[in-house]
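Reviewing the structure listed below.
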């Protein structure tokens with residue numbers, strides 16, 4: 001009985017430990033946080049809450065990604081990916097900062113000249129890729145094949 005309990009606990013631990021949302025590249029996330037969140041984030045904003053509230057910190061990756069798959073990026077993350085290579089640039093702080101600043105100047109909707117820039121969204125405390133609820137959702141057409149087969 002004790003063995004069964006230990007095996008059950010180990011199985012649950014592994015299952016929960018391995019199931020996680022999209023993973024940000026740590027140096028990219030660190031520079032984003034230094035540049036835009038700072039040491040004393042505004043905890044009244046969605047962006048500030050994301051980096052301060054314990055239950056939300058696991059979603060910091062959603063500044064650039066969307067949904068659970070780390071290969072799926074939101075519009076902000078897509079623009080950063082055009083400028084940064086996760087393997088070659090992760091130790092190049094200057095290039096990371098330059099890319100963050102360049103993308104901040106881009107429109108959140110490139111088809112709409114009146115749309116706010118990513119930097120304006122961030123400055124107002126919003127996530128650059130949309131609200132937390134929006135970026136948590138899997139984008140259309142990116143469901144797992146197993147889910148498609150079940151339908």
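Things worth noting here:
Residues are listed down the side, and each one gets a yes or a no for (1) under 16 Å from the mean Cα position of the chain (by Cα); (2) surrounded by 10 or more Cβ atoms within 10 Å (Cβ to Cβ); (3) modelled with pLDDT under 90:
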| site | (1), (2), (3) |
| --- | --- |
| 7 | no, yes, yes |
| 20 | yes, yes, yes |
| 34 | yes, yes, no |
| 66 | yes, yes, no |
| 71 | yes, no, yes |
| 81 | yes, yes, no |
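- Candidates 40, 105, filtered to the one that is within 17 Å of residue 123 (Cα to Cα), at pLDDT 85 or above and loosely packed, with under 10 Cβ neighbours inside 10 Å: 40
- Candidate set from region 111-137 (those that are assigned to a loop (DSSP other than H, G, I, E, B) and free of Cβ contacts under 8 Å to residues at least 24 places away in the same chain); member that is surrounded by the most Cβ atoms within 10 Å (Cβ to Cβ): 116
- Residues within region 84-105 that are within 20 Å of residue 33 (Cβ to Cβ) and in a loop (DSSP other than H, G, I, E, B), tallied: 7
The values are calculated or read from the model by the stated rules, or taken from the named source; none is laboratory data. Since the model is a prediction, treat every value here as computed from it, not as a measurement. Note that we place each Cβ from the backbone using ideal geometry, even for glycine, and neighbour counts take in every protein chain shown.
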